[in-house]
1. Can you pull out the residues in segment A:69-81 that are at pLDDT 95 or above and in contact with a helix residue (DSSP H, G or I) (Cβ under 9 Å, 6 or more places away or on another chain)?
2. For segment A:1-23, which residues satisfy the criterion of being more than 7 Å from every other protein chain (Cβ to nearest Cβ) and modelled with pLDDT of 65 or more?
3. Kindly establish whether A:Glu103 is over 24 Å from B:Val16 (Cβ atoms) and within 13 Å of chain B (Cβ to nearest Cβ).
4. Look at B:Glu67 and say whether it is among the acidic types (Asp, Glu), farther than 19 Å from B:Ser23 by Cα and assigned to a helix (DSSP H, G or I).
5. Scan segment B:64-77 and give yes if some residue there is more than 29 Å from A:Glu98 (Cα to Cα), within 13 Å of DNA strand C (Cβ to nearest atom) and surrounded by fewer than 16 Cβ atoms within 10 Å (Cβ to Cβ), otherwise no.
6. Tell me which residues, restricted to segment B:44-63, are away from DNA strand C (no atom under 12 Å from the Cβ) and either within 14 Å of another protein chain (Cβ to nearest Cβ) or more than 14 Å from B:Tyr88 (Cβ to Cβ) (or both).
7. Looking only at segment A:15-29, which residues are acidic (Asp, Glu) and either away from DNA strand D (no atom under 15 Å from the Cβ) or assigned to a helix (DSSP H, G or I) (or both)?
8. Return the residue satisfying two criteria in turn: it lies in segment A:30-55 and is within 11 Å of DNA strand D (Cβ to nearest atom) and buried (at least 21 other Cβ atoms within 10 Å of the Cβ), and of such residues it is modelled with the lowest pLDDT.
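The values are calculated or read from the model by the stated rules, or taken from the named source; none is laboratory data. Owing to the predicted nature of the structure, the values given are computational and were not obtained by experimental measurement. As a convention, Cβ positions derive from the backbone with ideal geometry for all residues, glycine included, and neighbour counts pool all protein chains shown.
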There are 2 protein chains.
Amino acid sequence: MSESKAKTPSEQRETVDGSELFSLLGKAHTMAILREILLGDSSSVRFGELQEALDISPNTLSRRLDELVEVGFLERTQYDEIPPRVEYEATELLGALEPTFRELEQWMATHGAEQLGCPE
Amino acid sequence: MSESKAKTPSEQRETVDGSELFSLLGKAHTMAILREILLGDSSSVRFGELQEALDISPNTLSRRLDELVEVGFLERTQYDEIPPRVEYEATELLGALEPTFRELEQWMATHGAEQLGCPE
DNA sequence: CCGTATCCCAAGAGATACTG
DNA sequence: CAGTATCTCTTGGGATACGG
């Protein structure tokens, strides 16, 4: 079992200011990504999975994931295998927000919004 | 007591889709505005108040308010007086989101974010 | 497989000046 | 007082091609 994981050094700031955070939430695909990870079947997701499920161009998805890691919402784990594998999963920080998240979804369901994320 | 109110006709859609909504939340000053109205002392706010309190240029503030009215978060009431007066207040729709909103604030307080909104 | 590097185009935010 | 009209500048996202 040579797992050989490697968490990205990730210069994650301990403090995140609110404006930055909400601005990130409003960016394209962010909510869809979080939804996939937080409310999806598995607790972790691979790059390709997201790309396929949400139909995002790789550069945009990459940026979004970076940002989410940077604010401390996601944790990136890289497995040194061939072919390469990378998993993203929710941090505790984000986990603490899950109830709120579900509440939001509930609210949306009540008011005619079909689903989160998925611009266009 | 010549009140002479006038609610803006407001072509408010009944259904709002999630992406549009989160995108709006992420736009500059949106959260700050909602915070001011939802968690502020008074339940209604005037244009000038917001402009002063949040330091936003009038055109941007105007756009933001329009959008918030359009998605059904705010209600605009115009008083036909001189000088003109306009009040914005939270709709029931937004009101239903207040617990979630407070939860979010709580979450932020716990994690080092000082305040919502206020970009830069 | 999981990205990065470029280029281009569109949306958005601020400054400023002006109007009902 | 409460906005609108422009204009400009920046940011952001999609497409595509390529790299470890």
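1. A:Leu74, A:Glu75, A:Arg76
2. A:Ser4, A:Lys5, A:Ala6, A:Lys7, A:Thr8, A:Glu20
3. no
4. No.
5. Yes, segment B:64-77 contains a residue that is more than 29 Å from A:Glu98 (Cα to Cα), within 13 Å of DNA strand C (Cβ to nearest atom) and surrounded by fewer than 16 Cβ atoms within 10 Å (Cβ to Cβ).
6. B:Glu52
7. Matches in segment A:15-29: A:Glu20 only.
8. Step by step, filter segment A:30-55, then rank; the result is A:Ala32.
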